[in-house]
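The structure appears right after this line, and notes come after that.
Read-outs: derived from the displayed coordinates by stated rules, not from any lab. All figures in this text were calculated on a predicted structure; none of them were measured in a lab. Using ideal geometry, Cβ is built from the backbone for each residue, glycine included, and neighbour counts are taken over all protein chains shown.
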There are 2 protein chains.
Amino acid sequence: MKLASLKHARDGKLVVVSRDLTQMADASDIAPTLQAALDDWSEVEPLLQKRYEKLNEGKINARPFTEADCASPLPRAFQWADGSAYINHVELVRKARGAEVPESFYQDPLMYQGGSDTFLAPHDNIEFPQTEGWGVDFEAEVCVITDDVPMGTPADKAGDHIKLLVLVNDVSLRGLIPGELAKGFGFFQSKPSSAFSPVCVTPDELGPDWASNKVHRPLVSHLNEEKFGEPNAGVDMTFDFSELVSHAAKTRNLGAGAIIGSGTVSNKEDGQPGRPVKDGGLGYSCIAEIRMIETINDGRASTPFMDFGDRIRIEMFDRDGQSIFGRIDQTVTQKEG
Amino acid sequence: MKLASLKHARDGKLVVVSRDLTQMADASDIAPTLQAALDDWSEVEPLLQKRYEKLNEGKINARPFTEADCASPLPRAFQWADGSAYINHVELVRKARGAEVPESFYQDPLMYQGGSDTFLAPHDNIEFPQTEGWGVDFEAEVCVITDDVPMGTPADKAGDHIKLLVLVNDVSLRGLIPGELAKGFGFFQSKPSSAFSPVCVTPDELGPDWASNKVHRPLVSHLNEEKFGEPNAGVDMTFDFSELVSHAAKTRNLGAGAIIGSGTVSNKEDGQPGRPVKDGGLGYSCIAEIRMIETINDGRASTPFMDFGDRIRIEMFDRDGQSIFGRIDQTVTQKEG
């Protein structure tokens, strides 16, 4: 099943979207918003599923689906926690900061508490008053959305709470990270509002490509008009989503609609940190990684962070080339003062 | 005006509460929930205010108000960011960790992104599967709740966005903090669900004790049956709430209903870190501070962190001795597993 939230009021208006992302049908009579649906998922999910089937069979009043009309599936959420499950990303970003990767990182997931009150829409501009010194970067990731997860749910049970999958652009301000991390309280200003893909899907939509609580498809990023990365989200993921959900629920209950992110998708290549797309590699899901590669190879980073006018597109395709989640498509613009 | 959310569904049911906290009147016809009220505050606030006045004048159908029936005013929220504005607390906690306080901490607020999907009710037990090694502590704090705050709002304007005040017990797991902070991503498992006071109030309820964007009243904590602290929330607050809100909004918009906390309220005494209540001092708003004082004075901490059965009460009184926000009253209990 595929779901989206049309831009409407603060929490959007729920629609079901056809598998090929061309048609949609109103679902707000079943649940007005995606949050409302998740609050009562076991009751609501079969009704949405039925409508989804009818939509795909052409047996229902449908309207054309336009990604640009969408808010993020949860335009605001009560919980957004982002892991960092691809150790290749952690190794590269740490190297870039001159920091070591502690041994514990291979057993204990890294996760930060994100802010979730004002997500950007998938095609919204990324507006900032300045880029100078802020180091505007994208991070292409996969996320799960859960129902209620009781405190202490072990990893072998946490996967049962995964109800939906979605992509995210976890916008990051690299220039602000070192100062914030030095203060010891983690990210805050350096992790501004994120944007999610127009569509979220139930895991069954991925067929065999959802396995072992991982998404086994390439995540494709284009920076401006060039392909920037297509690492496989199922490869080199040190902690699967059930482990990430369990980690998040260790000392608290998670509320329905909790979004748990994978961290920046990143693949190794023959045990090495991989190559840029233009050199025949799978590339990267953020600029920070290629800058580190450039620093290793050339002694200095040559790819700049994003500036006003730069565009990032993030998408994932199924085996038939069909976009699964629709496209995150954002341009950095200057906020008027 | 005083508002509360009766336990009802996931987001509570809005009531206005009389100034003396004895009576309440339904307000769910004006706005079903506090979040809904905050989403449309400029329209809704005058209607709630009118009902509040009638309630206090006895001109409306009222029912007895019972704090134990309350959820936290926002039972779940879209944004919960907690500052650490009382530098005395920061100095003591850092000393306890053997860490220095950087000079920048006196100019740039410390703030962490909290989780907001499952707040505890004010009289809920604090349930954990274990206390051993977790170092269960309370933190008594004051918070503001804002309307929509645009990105980049300067400190001299941010105060205008403060709509409500509330108390919080920011439950902390001291035993898990060093490990998490060492990972560099800030608090996560070490900051489980917080509980807020039964009632939130508009700043005018404090009269002259809300001034310069600070609350100038003692915050009273009792651990088990003994007074543990009564520092004044208006004293030694290095950053006022307008500065904290502005800090939180530097690179993002804040959504209506954002809760911004002060951090653990803590007063110095003659430039020193203060004395316990039993020694005639103002005491502390968390156990970590008294343990540090004990370590300084006696070479070792003697006050244990909270164990099953330990009770914490947090309250603030106006100049006439009237409880302003009602009482946070929680006991640590073992979660059945």
Which distances in nm, rounded to one decimal and ordered from shortest, link the label point of B:P304 to the equivalent label points in the other identical copies, with labels set 7 Å from Cα toward Cβ? 6.1
Taking the label point 7 Å from Cα along the Cα-Cβ vector, the copy-to-copy distances for B:P46, listed from shortest in nm with one decimal, are 4.9
Extension length gain for A:N125 and A:D156 (0.36 nm per residue less Cα distance), in nm, is 7.2 nm
Exceeding the 21 Å Cα-Cα cut-off - candidates A:K2/A:K59; A:K95/A:K335; A:K2/A:K54: A:K95/A:K335
If you average the C-alpha positions of region B:70-130 and of region B:243-285 separately, how far apart do those two centres end up, in angstrom? 9
Sorted from shortest, what are the nm distances separating the label point of A:E132 from equivalent points in the other copies, each placed 7 Å from Cα along Cα to C-beta? 5.8
Would you mind checking the pairs B:K183/B:K278; A:K214/B:K183; A:K250/A:K278 and listing those with alpha carbons more than 32 angstrom apart? B:K183/B:K278; A:K250/A:K278
Starting from the Cα of B:K54, step 7 Å along the direction of its Cβ; do the same at A:E336; then give the gap between the two resulting points in nm. 4.3
Protection proxy ranking of B:76-84, A:271-279 - average other beta-carbon atoms within 10 Å, highest first: B:76-84, A:271-279
Tell me which A residue has its C-beta closest to the axis rotating A onto B, and the distance in Å? A:G186, 1
MRE, 222 nm, helices only [DSSP H, n ≥ 4, -39500 (n - 2.57), over the protein assembly as shown, to nearest 500]: -5500 deg cm²/dmol
How much net charge surrounds B:P273 when only other residues with a Cβ under 11 Å from its Cβ are counted (Lys, Arg +1; Asp, Glu -1)? -2
Work out, step by step, the length gained on full extension between A:T66 and A:K227: first 0.36 nm times the residue separation, then minus their alpha carbon distance; give nm to one decimal. 55.6 nm
How would you classify region A:2-65 from its alpha-carbon gyration tensor, with a ≥ b ≥ c the square roots of the eigenvalues: rounded for a/c under 1.5, else prolate if a/b is greater than b/c, otherwise oblate? oblate
Would you mind classifying region A:74-187 by shape? Square roots of the alpha carbon gyration tensor eigenvalues, ordered a ≥ b ≥ c; an a/c under 1.5 is rounded, otherwise it is prolate if a/b is larger than b/c and oblate if not. oblate
